[in-house]
1. Suppose the filter is small (G, A, S) and surrounded by fewer than 20 Cβ atoms within 10 Å (Cβ to Cβ); does S103 pass it?
2. Tell me the residue from T117, T102, T52 that is out of contact with any strand residue (DSSP E or B) (no Cβ under 8 Å at 6 or more places or on another chain) and within 21 Å of I167 (Cα to Cα), please.
3. Out of all the residues in segment 167-198, which are part of a helix (DSSP H, G or I) and either hydrophobic (A, V, I, L, M, F, W, C) or over 16 Å from Q22 (Cβ atoms) (or both)?
4. From the list R165, R149, pick out the single residue that is of a type in the set (D, E, K, R) and without any contact (Cβ under 8 Å) to a residue 60 or more places away in the chain.
5. May I ask you to list pairs of residues, at least six apart or on different chains, whose Cβ atoms are under 8 Å apart, with the first in segment 66-78 being at pLDDT below 95 and the second being in a loop (DSSP other than H, G, I, E, B) and among the acidic types (D, E)?
6. List every residue pair whose Cβ atoms lie under 8 Å apart, where the two residues are 6 or more positions apart in sequence or sit on different chains, the first residue falls within segment 176-198 and is closer than 17 Å to T79 by Cβ, and the second residue, located anywhere, is among the hydrophobic types (A, V, I, L, M, F, W, C) and not in a loop (DSSP other than H, G, I, E, B).
Amino acid sequence: MSTVSRGFRGRRRPAAELPPGQYLVEDFPVLSAGPTPSIELEDWEFAITSETDEQRRWDWEGFQALPSETVTVDIHCVTHWSKLGTTWEGVSLDTLLEGLDTSAGFALVTSYGGYSTNLPLEDLTDGKAWIAFRYDGEDLEPEHGGPARLLVPHLYLWKSAKWVRGIQLLDQDEPGFWESLGYHNYGDPWQEQRFWGD
């Protein structure tokens with residue numbers, strides 16, 4: 001005689017914990033503010049400029065020579081989709097900022113193609129952000145921000161600027177592209193900070 005009732009299939013796995021208003025996707029939707037820029041690796045450059053105009057620059061070869069990390073993180077788009085367990089490889093902002101003398105509290109990230117986004121500097125440090133160049137074991141495709149993009153997984157994905165080219169450290173906050181058009185200045189998915197009034 002069976003001790004398991006007919007139809008019993010074991011315990012259900014709990015639903016993934018998602019920020020409010022989000023739904024899961026298996027694919028990786030492509031959303032951009034404009035056309036995908038074409039960036040040749042020999043022309044690619046990334047710079048960090050402090051509030052005192054101290055600058056660090058890397059070309060593609062120099063950037064690839066930096067120590068990189070592989071991280072697995074969940075990402076959340078302001079358009080309500082979430083993708084769990086995404087795997088990226090990139091250089092931590094902690095590595096890029098190491099030893100840079102700054103009292104700045106904010107960063108303005110700029111991209112090839114003219115896009116920009118702003119973040120508090122503390123959201124880029126302490127293992128919270130990377131300049132990613134590989135996704136799921138492959139070179140980052142241009143439509144997803146390749147050759148390199150910012151990855152700040154604890155904020156909505158628009159803060160993870162595609163086609164990144166530089167970071168300007170600032171004493172005062174300066175809204176970026178979407179922020180100047182009414183998107184929330186911070187963008188915490190767990191607080192549903194999509195727009196200025198949220």
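The values are calculated or read from the model by the stated rules, or taken from the named source; none is laboratory data. Small disclaimer: the values here were computed from a predicted structure and weren't measured. Note: ideal-geometry Cβ built from the backbone for every residue, glycine included; neighbour counts use all protein chains shown.
1. Details: small (G, A, S): yes; surrounded by fewer than 20 Cβ atoms within 10 Å (Cβ to Cβ): yes.
Answer is yes for this residue.
2. Values: T117 fails: out of contact with any strand residue (DSSP E or B) (no Cβ under 8 Å at 6 or more places or on another chain); T102 fails: out of contact with any strand residue (DSSP E or B) (no Cβ under 8 Å at 6 or more places or on another chain).
Selected residue: T52, the only one of T117, T102, T52 that is out of contact with any strand residue (DSSP E or B) (no Cβ under 8 Å at 6 or more places or on another chain) and within 21 Å of I167 (Cα to Cα).
3. Across segment 167-198, the qualifying residues are E179, S180, L181, W190.
4. On the way: R165 fails: without any contact (Cβ under 8 Å) to a residue 60 or more places away in the chain.
From the options R165, R149, the qualifying one is R149.
5. No pair meets every condition.
6. W178/W158; G182/F195; Y183/W158; Y183/F195; H184/F195; G187/W158
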